[in-house]
There are 2 protein chains.
Amino acid sequence: MSAEQLEKNNTIDLRKKHIGPSCKIFFSHDPIKIIRAKGQYMYDEKGRQYLDCINNVAHVGHCHPDVVKAGAQQMEQLNTNSRFLHDNLVLYAQRLQDTLPDKLSVCYFVNSGSEANDLALRLAWQYTGHKNVITLENAYHGHVSSLIDISPYKFHHASDAEHNQSVHVAPSPDVYRGKYRADHPDPATAYADEVKDMIHGVHEKGGKIAAFIAESLQSCGGQVIPPPGYFQQVAEHVRKAGGLFIADEVQVGFGRVGSHFWAFQLQGDDFVPDIVTMGKPIGNGHPMSCVVTTREVAEAFMSSGMEYFNTFGGNPVSCAIGMAVLDVIEKEDLQGNALQVGRHLTRLLEKQKEKHPLVGDIRGHGLFAGVELVKDRLKLTPATAEAQEVIYRLKEQYILLSADGPHRNVLKFKPPMCFSTEDADMVVEKIDQILTELEKALGLKLHNISNVENESSKRKPTNENGHQCLSGLAHNRGSTQGVPQRSKRLRT
Amino acid sequence: MSAEQLEKNNTIDLRKKHIGPSCKIFFSHDPIKIIRAKGQYMYDEKGRQYLDCINNVAHVGHCHPDVVKAGAQQMEQLNTNSRFLHDNLVLYAQRLQDTLPDKLSVCYFVNSGSEANDLALRLAWQYTGHKNVITLENAYHGHVSSLIDISPYKFHHASDAEHNQSVHVAPSPDVYRGKYRADHPDPATAYADEVKDMIHGVHEKGGKIAAFIAESLQSCGGQVIPPPGYFQQVAEHVRKAGGLFIADEVQVGFGRVGSHFWAFQLQGDDFVPDIVTMGKPIGNGHPMSCVVTTREVAEAFMSSGMEYFNTFGGNPVSCAIGMAVLDVIEKEDLQGNALQVGRHLTRLLEKQKEKHPLVGDIRGHGLFAGVELVKDRLKLTPATAEAQEVIYRLKEQYILLSADGPHRNVLKFKPPMCFSTEDADMVVEKIDQILTELEKALGLKLHNISNVENESSKRKPTNENGHQCLSGLAHNRGSTQGVPQRSKRLRT
């Protein structure tokens with residue numbers, strides 16, 4: 001089944017006929033048919049090579065031979081459920097535990113990030129006996145119904161009447177475009193205080209907090225990096241109210257941020273979530289994911305008397321693949337590569353910011369980076385159409401990048417972790433050319449906005465934990481943000 | 001990772017340390033460590049062979065070489081998401097469509113039966129604009145939070161206050177132990193009228209029906225076979241109320257019932273659900289599943305403007321595996337084998353019923369069969385402890401069988417589809433020996449209950465659709481059913 005069997009048009013026709021129309025495709029006017037992939041490259045039916053800057057699921061590189069071998073060998077031996085003892089299950093759990101703080105010691109293996117986040121909510125509801133959940137603006141946590149409820153990225157369109165009344169949306173800790181920005185003396189405290197006030201409001205109405213949930217770095221929400229110390233303070237408020245802190249590492253975990261294995265660790269060694277969910281990169285494309293929590297939470301979940309059984313979760317094949325992924329990350333020092341190449345990429349992008357007025361903000365850690373395009377650095381008017389144009393023109397040059405965030409104006413880098421400095425050079429060079437052409441067409445010049453840049457407005461460097469220090473940020477606090485219509489969008 | 005690396009006790013210790021205690025194991029006092037499996041056999045760390053009568057997930061046989069090969073080859077080539085065109089996705093969708101009535105033409109590929117049933121609810125909610133769901137007593141539809149709500153098998157323990165008020169539980173159409181039994185002149189209509197009355201009740205309170213959901217044959221609920229015509233009538237009532245009929249084929253689809261590819265087809269050619277969910281057997285253990293619905297429902301779902309994206313769903317590896325499973329079912333005529341061996345197994349079990357007072361009812365289709373054990377054929381007192389004893393003694397003789405149903409007194413057969421007549425002979429012979437010993441110990445003799453057996457009380461043969469005609473059924477309508485405490489149980 002690996003070779004192309006159908007003419008591309010036939011594939012498209014059959015897809016229209018038999019696949020749910022809500023399942024969107026990249027570049028719908030001229031979609032790409034991919035036949036094979038290797039490392040950070042994908043190949044279409046004509047053998048054309050695409051540089052993949054977006055598939056964080058193919059974490060250690062597409063079709064990594066060690067991962068394929070581990071999966072194939074285990075498939076030949078045994079693939080059954082976790083009601084039987086098997087070494088892969090417990091050895092893999094132990095390996096994951098080794099990457100986490102000691103108190104996060106109990107694993108539940110499931111099949112997707114959605115199953116993981118849903119189980120995290122169930123654990124929190126059961127442990128606390130409370131119902132209310134606080135989520136962040138623009139958050140995306142999955143596609144099952146309980147998670148649509150806590151994903152403003154998804155439910156934004158729905159009427160208020162349809163909203164789950166026990167879900168509360170706190171401001172995104174976005175120091176570029178959010179309520180408190182980089183020039184605020186203490187944005188971490190200011191954003192955390194918003195959560196504290198929200199908890200107070202819930203209590204006033206007689207509700208109780210079960211959990212606060214956030215991606216350790218918001219991905220679909222626009223590659224948002226919360227200010228260090230924010231999670232610690234939120235956790236303090238939430239725990240004081242009897243709730244749990246759930247860190248969603250589905251998109252950003254497993255060494256992607258370079259300096260640390262888990263993105264929540266960027267907040268500092270003094271921060272440990274109560275529940276961590278992991279997904280996409282865990283099996284390099286194999287459908288698997290995991291929830292890790294504390295002994296106390298696990299015991300409380302058991303005390304309900306309700307068994308938890310997941311047919312495929314933790315099967316020997318998934319666990320063999322999961323261990324192979326961890327082996328490759330270690331053997332090829334992919335976390336180190338993410339740090340080094342990520343730094344290089346960020347430096348290149350910062351230079352683009354110095355050169356191109358369309359570039360409003362550069363942010364990220366390791367191989368998780370965002371380039372926010374704006375038409376006006378003063379008003380932060382999102383350059384949505386321009387971002388789409390960049391994506392389309394890159395595609396014509398065989399580079400896969402995507403744009404996301406509430407305004408779809410943030411170019412998202414989250415490539416396979418074998419992404420190289422040469423790859424970074426190439427893609428940034430192309431972006432440079434495209435932005436130059438776009439700005440010429442728009443009549444945009446850097447001096448138009450240079451007057452609003454000053455030292456005090458720059459994103460504050462964070463020295464702890466080996467953070468990359470990103471600098472340069474417009475400081476405007478104006479309320480006119482030129483919010484475009486939020487239409488159906490692709491999460492990538 | 002395939003060979004044993006740890007002493008069994010170490011595996012157990014690590015499991016206790018790192019795996020959620022709600023994740024139960026078979027035979028917890030002396031669990032089985034399985035190292036490899038082939039066809040209908042599993043092998044422990046000492047090389048001992050177990051006959052597998054329960055793993056319906058390993059549908060075409062454990063580690064079938066064709067399935068392993070298809071998966072391994074595709075893993076080497078490409079494993080990515082469905083935002084790119086790929087032939088496997090559309091060809092597999094077409095293959096599934098070929099097995100279904102024409103109007104069920106649109107597929108959504110997901111990762112588990114739970115994801116499938118949750119999506120089915122989302123489709124129904126969106127299409128109808130209604131919220132209320134009717135489910136069956138003792139039903140199990142999955143482990144995500146929305147499905148716990150519609151799974152009385154799971155939420156039985158929870159207090160009424162915790163129940164979702166938009167979920168309504170209709171009587172299980174169980175003609176052996178249920179409200180209307182085999183001696184009722186028209187149990188199908190009687191049970192369907194219960195649903196009609198329930199809809200009326202919902203309307204009276206101002207609610208509206210989004211869906212009725214049922215397994216085409218109840219599995220965890222006790223291998224319950226709804227009387228033919230029941231689904232048609234329920235569908236009529238539900239559709240009249242603007243709702244949809246969701247057939248859950250996660251456990252019972254893909255040829256298992258022998259006479260048909262889908263278990264809902266046992267109800268007759270005039271019955272077509274609006275949504276069909278499939279799971280466990282679809283990938284022979286690979287984490288994958290699917291929702292199929294009509295064009296109308298799919299278009300309505302799209303009209304919400306909300307994209308549906310599932311990271312792993314419909315990836316080229318899953319689809320290659322899915323097609324290989326369909327190929328093997330066809331090539332090895334496993335549906336035919338299910339019909340033939342299922343008939344043989346049922347005949348053997350019927351003889352056990354003639355011989356053993358503990359056997360209250362034999363029911364099933366193909367390789368989906370149930371043996372309900374009772375201490376008293378008059379009162380139908382569930383022989384729960386005896387069923388557990390049978391399971392334990394079989395395990396000692398290297399046969400894996402399980403007991404389920406609300407009273408955990410129904411022996412469940414759902415073996416890999418390559419199960420043979422010799423396997424059936426062997427397991428029934430062992431059951432015969434065990435029941436003989438148990439009845440001797442209990443002082444049970446057949447003549448104690450023979451007086452309540454008469455021709456009129458027997459389960460009505462159903463001639464259409466090649467049904468196996470099961471006969472023999474106690475007719476007692478007494479209300480004392482000896483309901484034991486429903487404690488946490490294993491779904492198998």
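The values are calculated or read from the model by the stated rules, or taken from the named source; none is laboratory data. Just so you know, these numbers come straight off a predicted model, no measurement behind them. Positions of Cβ are backbone-derived with ideal geometry, glycine not excepted, and every protein chain shown enters the neighbour counts. Accessible surface is based on the protein model in full, side chains and every heavy atom, while ligands, DNA and RNA are left aside. Shrake-Rupley method; radii C 1.70, N 1.55, O 1.52, S 1.80 Å.
From the list A:167, A:202, A:175, which one is of a type in the set (A, V, I, L, M, F, W, C), open to solvent by 20 Å² or more (accessible area, probe 1.4 Å) and not assigned by TED's automatic domain parsing to the domain that holds residue A:406?
Sole residue among the options that is of a type in the set (A, V, I, L, M, F, W, C), open to solvent by 20 Å² or more (accessible area, probe 1.4 Å) and not assigned by TED's automatic domain parsing to the domain that holds residue A:406: A:167.
With respect to residue A:388, is the statement that it is part of a helix (DSSP H, G or I), farther than 22 Å from residue A:138 by Cα and among the polar types (S, T, N, Q) true?
no
Go through the range B:292-343 and count every residue that is in a loop (DSSP other than H, G, I, E, B), modelled with pLDDT of 95 or more and more than 7 Å from chain A (Cβ to nearest Cβ).
Here the count works out to 5.
Sort out which residues of the range A:213-264 are β-branched (Val, Ile, Thr) and part of a helix (DSSP H, G or I), and write them in order of number.
A:234, A:238 - these are the residues of the range A:213-264 that are β-branched (Val, Ile, Thr) and part of a helix (DSSP H, G or I).
Considering only residues of the range A:1-21 that are open to solvent by 20 Å² or more (accessible area, probe 1.4 Å) and assigned to a loop (DSSP other than H, G, I, E, B), which is farthest from the other protein chains (Cβ to nearest Cβ)?
It comes out as A:7.
Looking only at the range B:108-123, which residues are closer than 12 Å to residue B:277 by Cα and part of a helix (DSSP H, G or I)?
Of everything in the range B:108-123, those that are closer than 12 Å to residue B:277 by Cα and part of a helix (DSSP H, G or I) turn out to be B:113, B:114, B:115, B:116, B:117, B:118, B:119, B:120, B:121, B:123.
List every residue pair whose Cβ atoms sit under 7 Å apart, with the two residues 6 or more apart in sequence or on different chains, where the first one lies in the range B:375-396 and is touching a residue at least 12 places away in the same chain (Cβ under 8 Å) and buried (at least 18 other Cβ atoms within 10 Å of the Cβ) and the second, anywhere, is among the basic types (Lys, Arg) and in a loop (DSSP other than H, G, I, E, B).
B:380/B:177; B:384/B:408; B:387/B:408
How do the pairs read when you match residues in the range A:326-340 that are among the small types (Gly, Ala, Ser) with residues anywhere that are in a helix (DSSP H, G or I), using Cβ under 9 Å and keeping only pairs 6 or more apart or on different chains?
From residues that are among the small types (Gly, Ala, Ser), there are no pairs.
Taking the range A:63-80 only, how many residues are more than 7 Å from chain B (Cβ to nearest Cβ) and either surrounded by 20 or more Cβ atoms within 10 Å (Cβ to Cβ) or touching a residue at least 40 places away in the same chain (Cβ under 8 Å) (or both)?
So the count comes out to 4.
Quick check on my filter: what residues within the range B:22-54 are over 23 Å from residue B:411 (Cβ atoms) and either open to solvent by 50 Å² or more (accessible area, probe 1.4 Å) or in a loop (DSSP other than H, G, I, E, B) (or both)?
Passing the criteria: B:22, B:23, B:36, B:38, B:45, B:46, B:47.
Within the range B:146-158, is there a residue that is hydroxyl-bearing (Ser, Thr, Tyr), without any contact (Cβ under 8 Å) to a residue 40 or more places away in the chain and assigned to a helix (DSSP H, G or I)?
yes
Looking only at the range A:82-107, filter to residues that are facing another protein chain (nearest Cβ under 7 Å) and not in a helix (DSSP H, G or I); which one of those is surrounded by the fewest Cβ atoms within 10 Å (Cβ to Cβ)?
Among them, the one singled out is A:105.
Does the range B:55-62 include one or more residues that are in the same structural domain as residue B:418 (by TED's automatic domain parsing), among the hydrophobic types (A, V, I, L, M, F, W, C), touching a residue at least 60 places away in the same chain (Cβ under 8 Å) and touching a strand residue (DSSP E or B) at 6+ places or on another chain (Cβ under 6 Å)?
No, the range B:55-62 contains no residue that is in the same structural domain as residue B:418 (by TED's automatic domain parsing), among the hydrophobic types (A, V, I, L, M, F, W, C), touching a residue at least 60 places away in the same chain (Cβ under 8 Å) and touching a strand residue (DSSP E or B) at 6+ places or on another chain (Cβ under 6 Å).
Within the range A:134-145, does at least one residue satisfy the condition of being of a type in the set (Ser, Thr, Tyr), within 24 Å of residue B:84 (Cβ to Cβ), open to solvent by 10 Å² or more (accessible area, probe 1.4 Å) and in a loop (DSSP other than H, G, I, E, B)?
Scanning the range A:134-145, I find at least one residue that is of a type in the set (Ser, Thr, Tyr), within 24 Å of residue B:84 (Cβ to Cβ), open to solvent by 10 Å² or more (accessible area, probe 1.4 Å) and in a loop (DSSP other than H, G, I, E, B), so the answer is yes.
Name the one entry in B:84, B:155, B:109 that is over 26 Å from the mean Cα position of the chain (by Cα) and aromatic (Phe, Trp, Tyr).
Matching residue, one of B:84, B:155, B:109: B:84.
Looking at the range A:207-236 only, could you name the residues that are hydrophobic (A, V, I, L, M, F, W, C) and open to solvent by 10 Å² or more (accessible area, probe 1.4 Å)?
A:225
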